[in-house]
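Notes to accompany the following structure.
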Amino acid sequence: MLNKTCRLLVITAVSAVMTACSTFSAGNLFSHYSAQNRTVYTAVETGQYDKAVDLLPDYIAGDILDNMEKGRVNLLNETYPESKAFFESSETAVRVQQDQAVVSISESASSIGALAVNDNLTSYYPADYELGFLHLYLALNYLNENSLEGALVEVRKANQVQERAKKARESDLASAEKEMKSDGLSPNLGSVLSKYPDAGKQLQAVQNGYLLYLSALLYETAGELNDAYVDYRRALAVMPNNAEIIDGTIRVAQKLGMREDLSKLVKQYGDRTPLAKNEARLIVIDEQGVVFAKQGWKQPLPIYTKGQWAYFTMSLPYYPTQASRQFATLKINDKPVSKSKLVDVNLMAQQDLTERMPTILLRQALRVVAKEQIRREAAEQDDIGNLLVNVWNVFTEQPDTRSWQTLPAEVYSSSDIVEPGEYRIDVGNQNYDVKVEEGRTVLVWISRQGSSATIWHKQLGSL
């Protein structure tokens, strides 16, 4: 009898692994993504980028998520060719996934196996905000290698992701907009100009102000002012108090001669004057920290049925309440520079989990039913079989904590009008020198975690 029970468990385990082996490791049977990715996460969080590269596993979550993590870690480590290659591999895997018009036989089998084990055996479908960041970082890789054309291709792709995300949530955004209006809040000028929903935090949870601002800045650099103005207005709708977005919106409105819009913008935010010949502009994008990693919540679920106890585990992902790390104030030639938030990635990640939760709960309920069927078959043989299946059920139930865990926690922008010359940017205990020419704008990109920072800059011309 015991041999039959063992055979049942072996068949279940082997079936689960085989149905998932095309995209997942067997480690997902008894562990979850955050646990398996802990050493990489900690290395990035503490700014040990080279160590994080060495710790990157070959395979945990499949081609999409694994390559996103590898691309990001290599970007921080300044191994840019590798970073770009990994991001491109992730994009290819996403495209293959999106091109599948119907669920494949292997995916169906994987889903069935997951019902008997855990959701980590299903294919990973990246969140919209993660797809946006995928194209954003590809754009930055192109920009770093001085290919503005390549960067523009990626921001166009990213904008398509943004629009799909907005359309998918239009009813929720409309509801949030209505609630804000009922509270008597003043209308967001960016929302009015771009015909975007005025939905406050709800809009910020599904639209990436960082991506929209970078997109607008690159379009402006390329002289594509109409596209730049569209994205500046959209960015203003998402982050209406960001100083750099306000400056860019007014600057391009002036260039395009948008008199009606300009009148509204100047009335609300004040006028902006073009750079004088003896002036230059420094713009800094400052990524800070690491987005929170999902954790697992487990709750024992004993059920007494047909004279025997069955033991199951409800296992769900959640984001723990914790404070974001504070970083040193950015300084230019020892002068503190004010910052404006572009995006709160934790907010976007939490919104995505909230949207996924009904499906997660449904699959959890279906899994309890599937595991109970396996237990009953084993229990018909003897009590030892019942015990073994109960142990299997408890140990294989793991929360689905998959998400892009090396993204920044928050991103800020800063800017300063300066005289032409050499400038030192102080980032915590690191310094970076940059030269600015008269009438020109320079973009400095910074990503800092722990006490480390990755920094580079690019000349954007006369904006």
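Here region 70-116 is the region considered, the condition is being β-branched (Val, Ile, Thr) and outside any helix (DSSP H, G or I), and the residue that is modelled with the highest pLDDT is Thr79. Residues in region 429-458 that are farther than 28 Å from Tyr41 by Cβ, within 27 Å of the chain's Cα centre (by Cα) and among the polar types (S, T, N, Q): none.
Within region 305-315, can one find any residue that is surrounded by fewer than 18 Cβ atoms within 10 Å (Cβ to Cβ) and at pLDDT 70 or above? There is at least one residue in region 305-315 that is surrounded by fewer than 18 Cβ atoms within 10 Å (Cβ to Cβ) and at pLDDT 70 or above. In region 434-443 there is no residue that is modelled with pLDDT under 95, in a strand (DSSP E or B) and among the small types (Gly, Ala, Ser).
Flag not set for Lys294, criterion: of a type in the set (D, E, K, R), surrounded by 13 or more Cβ atoms within 10 Å (Cβ to Cβ) and modelled with pLDDT under 80. From the set of residues in region 329-354 that are of a type in the set (A, V, I, L, M, F, W, C) and not in a strand (DSSP E or B), which is farthest from Ala243 (Cα to Cα)? Taking the candidates together, the pick is Leu353. For region 351-374, the set of residues classified as within 21 Å of Tyr210 (Cβ to Cβ) and crowded, with 17+ Cβ neighbours inside 10 Å consists of Gln351, Asp352, Leu353, listed by residue number. Of the residues contained in region 53-68, none is found to be of a type outside the set (Val, Ile, Thr), touching a residue at least 12 places away in the same chain (Cβ under 8 Å), surrounded by fewer than 18 Cβ atoms within 10 Å (Cβ to Cβ) and within 15 Å of Leu131 (Cα to Cα). If you go through region 50-69 and pick out every residue that is more than 14 Å from the chain's Cα centre (by Cα), part of a helix (DSSP H, G or I) and within 13 Å of Asn37 (Cβ to Cβ), you end up with 2.
Among the conditions (1) crowded, with 20+ Cβ neighbours inside 10 Å; (2) modelled with pLDDT of 95 or more, Thr39 misses just one, which is (1).
Would you call Ala328 surrounded by 13 or more Cβ atoms within 10 Å (Cβ to Cβ) and more than 30 Å from Gln288 (Cα to Cα)? Before the answer, list the steps.
Numbers: surrounded by 13 or more Cβ atoms within 10 Å (Cβ to Cβ): yes; more than 30 Å from Gln288 (Cα to Cα): no.
No; evaluated as a whole, the condition is false for this residue.
Selection of first residues in region 187-204 that are at positive phi and surrounded by fewer than 22 Cβ atoms within 10 Å (Cβ to Cβ) and of second residues that are aliphatic (A, V, I, L, M) and outside any loop (DSSP other than H, G, I, E, B), restricted to Cβ pairs under 8 Å at least 6 apart or on distinct chains, gives the following pairs, ordered by first then second residue: Gly200/Ala176; Gly200/Met180.
Okay, residues lined up against (1) touching a strand residue (DSSP E or B) at 6+ places or on another chain (Cβ under 6 Å); (2) modelled with pLDDT of 75 or more:
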{"residue": "Arg376", "(1), (2)": "no, no"}
{"residue": "Asp383", "(1), (2)": "no, no"}
{"residue": "Asn386", "(1), (2)": "yes, no"}
{"residue": "Glu397", "(1), (2)": "yes, yes"}
{"residue": "Gln405", "(1), (2)": "no, yes"}
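The values are calculated or read from the model by the stated rules, or taken from the named source; none is laboratory data. What you see is a predicted model, and the numbers here were worked out from it, not measured in a lab. A quick note on method: Cβ atoms are made from the backbone with ideal geometry, for glycine too, and the neighbour counts reach across all protein chains shown.
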